[in-house]
DNA sequence: TAAGTAGATTAATGAAAGGTTAATGAAATT
DNA sequence: AATTTCATTAACCTTTCATTAATCTACTTA
């Protein structure tokens, strides 16, 4: 049901621990991307979307806290947790005050780590109440959109949307009347953001515009170099 | 600033630990209500609202997990965390799978407990939902400026600003009624300050003046050889 | 008040981004 | 094996917008 294989960015310079954790987390259904330095981590974040970042506090190039600060500013959405060898209270305090969602002391108990990650991700993605109550039926102006069946209906007629079309429409609807930056759309739907995705995105936007053209109160507007807004008047 | 003295229900049968934690948490600005049994805890929950419940896993009358299950059913909103002496992995797993927000092993480090509680409560009460939905709606005289959507609205009409226009307006607004030196504007928006930037800046100032001309109480004034001031009267 | 510099405004330019339709080819379905 | 479906890529055209230029106006100071 859930879209499993959630992507996690693991930033750990110690090869032994890094590989061990990757192995273990992979076995538990996560897709682990290992970065050995803060810079490498930042590069990966530029081009991909992660559900969670696991940061070692001690890194060769940058302090883990420093990296966290950058994440806080640049990728507000991305939750992160710390791993640390030092059990100094000042560190724990610093970690949480910076917005960490959890803080684990080494030696890491892999099993507990997995459990905590699962609990975290579950808590961070509370299922949308709207979907629950309406069974996935969302109104879009004079249309109604059935997410699960990928069906867009108006009057008597109904159009079947492809998977990508439906995902995109859903994402735009979740952010109705608000700018959805290219990057965020691409990361959510494709898991990464590059030139070719962006081209694809344009094609799907074009499709959606065509499907939704019967209702003039609906429009998908482009904000140059930023993203799209699905506007619904009234 | 924060609405302090948040009420926490502490369910702990060991008097030594119970009093110690109460003392410590009280010192840190929480209002602690101590229950020695699950039944007592349930009674307290009947009549009061708590922000958080801290549950010892081992209790004289009921299992802590059992109590958690009741909370889950009856007080869905109430987040809870476990304290445990047993460090069995099965317990940790059980705890999280039941929806615990955290899980701490004894011996409890009081200082860390406080930090974790504070972080938890902060995360559970997303500080300013308004900002999230409005994405930073700023009033400019009789206009309102939606930073994220780069939209400038007045009455029913709305004007779409380009990225640079929006950035500039935002910068001027941040320094409302204060002189913004050329150099600082240029460095902030362009990252450098030279002859050509300055020419560009003039163009954008001109654009903004045009957009804002409907409200005579707004003006962008030039201070010769120094910079600009966005003045808003009233 | 005349010269020189700074600022304002409008228009021209060109590169980059966006929009649309069609072609392609991989994967699923028949 | 043939057909259908659909995401991706390509091709081509249009739009957007920061910059630059051109021209005019205002300020400063000698």
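Surrounded by 18 or more Cβ atoms within 10 Å (Cβ to Cβ), free of Cβ contacts under 8 Å to residues at least 60 places away in the same chain, within 14 Å of DNA strand D (Cβ to nearest atom) and within 14 Å of chain B (Cβ to nearest Cβ) - does that describe any residue in the stretch A:174-184?
yes
Restricting to the stretch B:205-223, name every residue that is touching a strand residue (DSSP E or B) at 6+ places or on another chain (Cβ under 7 Å), near DNA strand C (Cβ under 7 Å from one of its atoms) and not in a strand (DSSP E or B).
B:205, B:209
Is it true that residue B:38 is away from chain A (no Cβ under 14 Å) and surrounded by fewer than 17 Cβ atoms within 10 Å (Cβ to Cβ)? Quick ask: steps written out before the conclusion?
Details: away from chain A (no Cβ under 14 Å): yes; surrounded by fewer than 17 Cβ atoms within 10 Å (Cβ to Cβ): no.
No.
If you go through the stretch B:188-197 one residue at a time, how many are part of a helix (DSSP H, G or I) and more than 9 Å from DNA strand D (Cβ to nearest atom)?
As a first pass, look at the stretch B:188-197 and keep what is part of a helix (DSSP H, G or I): B:188-190, B:195-197.
Now restrict to residues that are more than 9 Å from DNA strand D (Cβ to nearest atom): B:188.
The qualifying residues number 1.
Sort out which residues of the stretch B:140-161 are in a strand (DSSP E or B), in contact (Cβ under 8 Å) with a residue 12 or more places away in the chain and either away from DNA strand D (no atom under 16 Å from the Cβ) or within 19 Å of residue B:216 (Cβ to Cβ) (or both), and write them in order of number.
Correct list: B:140, B:143, B:145, B:152, B:154, B:159.
Check every one of the helices (runs of 4 or more DSSP H) wholly within the stretch B:79-139 and list those with 3 or more residues that are touching a helix residue (DSSP H, G or I) at 6+ places or on another chain (Cβ under 9 Å) and at pLDDT 80 or above.
Ranges flagged: B:89-97, B:110-124.
Mind telling me which of the residues A:231, A:210 ends up being within 14 Å of chain B (Cβ to nearest Cβ) and closer than 30 Å to residue B:158 by Cβ? Let's see the steps before the verdict.
Numbers: A:210 fails: within 14 Å of chain B (Cβ to nearest Cβ).
Step by step, each of A:231, A:210 is checked, and only A:231 is within 14 Å of chain B (Cβ to nearest Cβ) and closer than 30 Å to residue B:158 by Cβ.
With respect to the numbered conditions (1) in contact (Cβ under 8 Å) with a residue 24 or more places away in the chain; (2) within 14 Å of chain B (Cβ to nearest Cβ), which one is the sole condition not fulfilled by residue A:225?
Exception for residue A:225: condition (1).
Checking the conditions here, which among A:20, A:25, A:10 is on the phi < 0 side of the Ramachandran plot and part of a strand (DSSP E or B)? So that I can check it myself, show each step before the final result.
Values: A:20 fails: part of a strand (DSSP E or B); A:25 fails: part of a strand (DSSP E or B).
Exactly one residue qualifies, and that residue is A:10.
Checking residue A:201 against (1) more than 11 Å from DNA strand C (Cβ to nearest atom); (2) in a helix (DSSP H, G or I); (3) buried (at least 19 other Cβ atoms within 10 Å of the Cβ), only one condition comes out false. Which one?
Exception for residue A:201: condition (1).
Please determine whether any residue of the stretch A:24-31 is touching a strand residue (DSSP E or B) at 6+ places or on another chain (Cβ under 8 Å), without any contact (Cβ under 8 Å) to a residue 12 or more places away in the chain and farther than 23 Å from residue A:189 by Cβ.
Applying the first criterion (touching a strand residue (DSSP E or B) at 6+ places or on another chain (Cβ under 8 Å)) to the stretch A:24-31 yields A:25-26, A:30-31.
If we keep only those that are without any contact (Cβ under 8 Å) to a residue 12 or more places away in the chain too, we end up with A:26.
Still in the running and farther than 23 Å from residue A:189 by Cβ: A:26.
Among the residues of the stretch A:24-31, at least one is touching a strand residue (DSSP E or B) at 6+ places or on another chain (Cβ under 8 Å), without any contact (Cβ under 8 Å) to a residue 12 or more places away in the chain and farther than 23 Å from residue A:189 by Cβ, which makes the answer yes.
Within the group A:158, A:144, which residue is over 30 Å from residue B:95 (Cβ atoms), away from every other protein chain (no Cβ under 14 Å) and exposed (fewer than 15 other Cβ atoms within 10 Å of the Cβ)? Don't jump to the end; show me each part of the working.
Working: A:144 fails: exposed (fewer than 15 other Cβ atoms within 10 Å of the Cβ).
Only one candidate passes the filter, namely A:158.
What are the pairs with Cβ atoms under 6 angstrom where one residue, in the stretch B:111-135, is under 17 Å from residue A:80 (Cβ atoms) and the other, located anywhere, is modelled with pLDDT under 90? Sequence gap at least six, or different chains.
That search, which allows pairs on different chains as well, returns B:115/A:92; B:115/A:93; B:115/A:96; B:119/A:96; B:120/B:101.
The values are calculated or read from the model by the stated rules, or taken from the named source; none is laboratory data. From a predicted model like this one, the values you see are computed outputs, not experimental measurements. Cβ: placed from backbone, ideal geometry, glycine included. Neighbour counts: every protein chain shown.
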